[in-house]
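A.B. asks: My questions will all concern the structure given below.
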């Protein structure tokens, strides 16, 4: 992996293998010294300084919710109250 400092507290990471790149992005969010690292893929003809780093996906686990309220609709509602809902983990039967 190569690391290149950019302007404005940004860095460009270049991975030697696609597998490493994918593992890092799929393992997000990451932190360093208690600071959130916001990562994004940069296109071939894209300027790294122009990449939008305004949002990060977080996995949220809600405790204490009554069984009768554990539904995909409730997950979407709670997710949208916290920010922008992205996805819900369902079991094989389609339950939350």
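Values in this text are rule-based calculations from the coordinates and carry no lab data. Keep in mind the model is a prediction, meaning the values are calculated, not measured. Note that each Cβ is placed from the backbone with ideal geometry, even for glycine, and that neighbours are counted across all protein chains shown.
A.B. asks: By how many degrees, between 0 and 90 and to the nearest 10, does the Cα long axis of helix 72-82 differ from the longest principal axis of the chain?
C.D. replies: 50 degrees
A.B. asks: Would you give the gap between the C-alpha center of the stretch 15-71 and the C-alpha center of the stretch 72-92, rounded to a whole Å?
C.D. replies: One Cα centre to the other: 17 Å.
A.B. asks: Rg and Dmax of the chain, Cα atoms, in Å?
C.D. replies: Values for the chain (Cα only, Rg and Dmax): 17.4, 51 Å.
A.B. asks: Separate question: In what sequence do 74, 1 fall when counting other Cβ within 10 Å, fewest first?
C.D. replies: If I rank by nearby Cβ atoms, fewest first, I get 1, 74.
A.B. asks: Once you place label points 7 Å from the Cα toward the Cβ at residue 78 and residue 1, how far apart are they in nm?
C.D. replies: Inter-label distance under the simple model: 3.1 nm.
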